Amino acid sequence: SSKENILDYRDMLGKPLVPVGKYRLEESSGTPRYEDTALLSHEAGEAFIKMNDAYKKDRGKGIPIESAFRDPEHNKKVKGSRTSKHMRGESVDISDPESFEWVKDNGEKFGWFFNPYDDESNHFEYEG
């Protein structure tokens with residue numbers, strides 16, 4: 001099954017990408033082989049999980065993710081930048097207003113920074 005193949009993806013240090021949740025697929029982007037599993041690099045994923053745990057403790061629910069890791073094919077379909085940190089598993093898009101504001105206010109404690117570019121105002125990048 002395609003789910004088994006998600007572990008084929010590795011971060012820059014050669015570690016498997018970390019599943020951090022599910023996201024809603026845009027119909028126009030097709031279905032990547034990792035389906036709706038939100039993946040991040042090992043370090044970014046561990047930091048996101050800690051941040052999500054803090055969010056759950058504060059708000060009683062998890063952070064909904066619009067986009068996380070994208071392989072080059074999926075990134076091209078969604079017209080992502082050729083240098084997108086999504087392809088390294090070091091960025092997430094969060095559109096839910098409550099979660100967005102919380103991460104914008106608290107994400108830096110976990111190494112996540114708001115980094116809007118172009119018309120994308122829901123983009124966060126892991127800086128460590």
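A short reminder: the numbers here are calculations on the coordinates, not readings from a lab. Values in this document were obtained by computation on a predicted structure and should not be read as measured data. With ideal geometry, Cβ positions are generated from the backbone for all residues, glycine too; neighbour counts draw on all protein chains shown.
Some observations on this one:
- Sites LYS56 and ASP36, calculated FRET efficiency, Cβ-Cβ separation with R0 30 Å, nearest 0.05: 0.95
- Taking a quarter of the surface of the Cα convex hull of the range 15-128 gives a mean projected area of 6.6 nm².
- Near the amide H of GLU66, within less than 5 Å, lie the amide hydrogens of ASP93, ILE94, SER95, all on another chain or at least 5 residues away, with H placed in the peptide plane.
- Highest to lowest packing among 54-60, 35-41, scored as the average C-beta count within 10 Å: 35-41, 54-60
- Extension gain from ASP96 to LYS79, taking 0.36 nm per residue of separation minus the Cα-Cα distance: 4.0 nm
- A crude spin-label estimate for the pair SER121 and ASP71, with each label 7 Å from Cα along the Cβ direction, gives 3.4 nm.
- In this structure, the residue pairs whose Cα-Cα separation is over 20 Å, taken from LYS15/LYS104; LYS22/LYS50; LYS22/LYS85; LYS22/LYS56; LYS15/LYS79, are LYS15/LYS104; LYS15/LYS79.
- For the range 26-128: relative contact order, % (alpha-carbon pairs under 8 angstrom, 6 or more apart): 26
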